[in-house]
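Presented below is the structure to which this report refers.
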Amino acid sequence: MRIFDSHFHIIDPRFPLVPNHGFLPEPFTVSDYNKQADWLRIKGGAVVSGSFQAFDQTYLLDTLSVLGKNYVGVTQLPANTKDSEILSLHKAGVRAVRFNVRRGGSEEISKIKEMGARVYDLAGWHVELYIDAKEIDEFLEEVLLSLPKVSIDHLGLSKEGFSTTLRLVEKGVRVKATGFGRTNIDIRSALVEIAEINPDALLFGTDLPSTRSPAPFTEEDLHLVTDTFEGELLQKVLYSNALEFYGVSVKV
């Protein structure tokens, strides 16, 4: 069973950290991640910038250099970032820009259309969105559907917004099967509904170290996925959907 971890965080105190509403996470270095995820035999993954990292790129560049070519980065950038910096980050392995509506630390959501189109045209990057789907109004939904490639974190977070999540999936938006402890959705039912609409939509990830999650990632989260799907569809959810979405060619 091959796994691409589409969503995890590295928290290295050697690099700048910004308190988010008074919160600073405990360290979770590359070494910590490798130890905690060892049992999963992960083949690659996406390192996601958190609210507490704001626009710092130094931790991400260091992390990607240590993890190697099977890993990509999801960063946060201000809208006025120069083309040359985006291209430099792309060369280092960054493949997406994140808008963190839930926690902050990223560019304002009002810049998502302009910035999402720009990074795609420039480097082929997509947009990742951390938001409760119930907060996606008609205008933002139209904006998201106007962008070339979009993913939403943690199953869209709420059952109240799940119908919106499903509408977005119908139009090609991807959804991270991550952060199960953060949502009030019936996980198994949600996974099935999303996969029935688009078997390419789900991207599994650990969300390690699960900062501020009421229920951190455990082996049971993986079992929820492996007990729900089988065969080719299971491999798509755990591995190949993310490889295609991030444009990764894993080297074993």
Item checked: Exposure rank, largest accessible area first [THR206, THR226; 1.4 Å] -> THR226, THR206
Next item on the list: Keeping all protein chains in position, work out how much accessible area SER88 exposes to a 1.4 Å probe, and write it in Å² to the nearest 10.
Entry: 70
Check: Taking Cα centroids, how far is region 1-63 from region 89-128 in Å?
Finding: 18
Next item on the list: Treat every Asp and Glu Cβ in region 1-130 as -1 and every Lys and Arg Cβ as +1, leave all other atoms uncharged, and give the resulting dipole magnitude about the Cα centre to the nearest 20 debye.
Entry: 340
Checklist line | Pairwise label distance in nanometres, VAL192 with ALA92, each label 7 Å out on the Cα-Cβ vector | finding: 4.4
Next item on the list: With a 1.4 Å probe and every protein chain kept in, tell me what percent of the accessible surface of the chain is carbon plus sulfur.
Entry: 49
Note to self: Which one, SER51, SER151, SER31, has the greatest fluctuation when you compute a Gaussian network model over the chain with C-alpha springs under 10 angstrom?
What the structure shows: SER31
Check: Which loop-located GluC sites (Glu not before Pro) does region 159-252 contain, where loop means any DSSP state but H, G, I, E or B and the Cβ has at most 15 other Cβ atoms within 10 Å?
Finding: GLU230
Checklist line | Nearest-20 debye value, region 100-216 charge dipole, Cβ charges on Lys, Arg, Asp, Glu | finding: 340
Item checked: Charge dipole of the chain about the Cα centre (unit charges at C-beta), most positive-ward option of LEU166, LEU64, ILE109 -> LEU64
Margin query: Full-extension gain between THR218 and ASP38, please, as 0.36 nm times their residue separation minus the C-alpha to C-alpha distance.
Written below: 63.5 nm
Checklist line | Average Cα contact separation per residue, the chain, under 8 Å, 6 or more apart, as relative contact order % | finding: 19
Check: How much area per residue is accessible in the chain when the probe is 1.4 Å and only protein heavy atoms are counted (Å²)?
Finding: 43
Check: Across the chain, where is the longest run that never hits trypsin sites (Lys or Arg not before Pro) in a DSSP loop with at most 11 other C-beta atoms within 10 Å?
Finding: 83-250
Item checked: Normalised contact order of region 130-187, rounded percent, pairs of Cα under 8 Å and 6 or more residues apart -> 41
Note to self: Taking 20 Å as the cut-off for C-alpha to C-alpha distance, list the pairs among LYS149/LYS176; LYS134/LYS159; LYS113/LYS159; LYS35/LYS91; LYS176/LYS236; LYS35/LYS236 that go past it.
What the structure shows: LYS113/LYS159; LYS35/LYS91; LYS35/LYS236
Next item on the list: Run the 1.4 Å probe and let me know the accessible area of LEU191, rounded to the nearest 10 Å².
Entry: 0
Item checked: Proximal charge balance of PRO27 [Cβ under 10 Å; K/R count +1, D/E count -1] -> -2
Checklist line | Within the chain, helix-based [θ] at 222 nm, where runs of 4 or more DSSP H residues each add -39,500 (n - 2.57), nearest 500 | finding: -10000 deg cm²/dmol
Check: What does the charge count near ILE185 come to, summing +1 for each Lys or Arg and -1 for each Asp or Glu among other residues with Cβ under 12 Å from its Cβ?
Finding: 0
Note to self: I need the GluC sites (Glu not before Pro) found in region 67-110, filtered to DSSP loop residues with at most 12 other beta carbons within 10 Å of theirs.
What the structure shows: GLU108
Notebook entry, point to check: Size of the dipole of the chain about the Cα centre, Lys and Arg at +1 and Asp and Glu at -1 on the beta carbon, nothing else charged, in debye to 20?
Noted result: 640
Notebook entry, point to check: What percent does the relative contact order of region 1-128 come to when contacts are Cα pairs within less than 8 Å and at least six residues apart?
Noted result: 23
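The values are calculated or read from the model by the stated rules, or taken from the named source; none is laboratory data. This structure is a prediction, so every number in the text was calculated from the model and none was measured. Using ideal geometry, Cβ is built from the backbone for each residue, glycine included, and neighbour counts are taken over all protein chains shown. Keep in mind that these areas ignore ligands, DNA and RNA; they rest on the heavy atoms of the full protein, side chains included. Shrake-Rupley method; radii C 1.70, N 1.55, O 1.52, S 1.80 Å.
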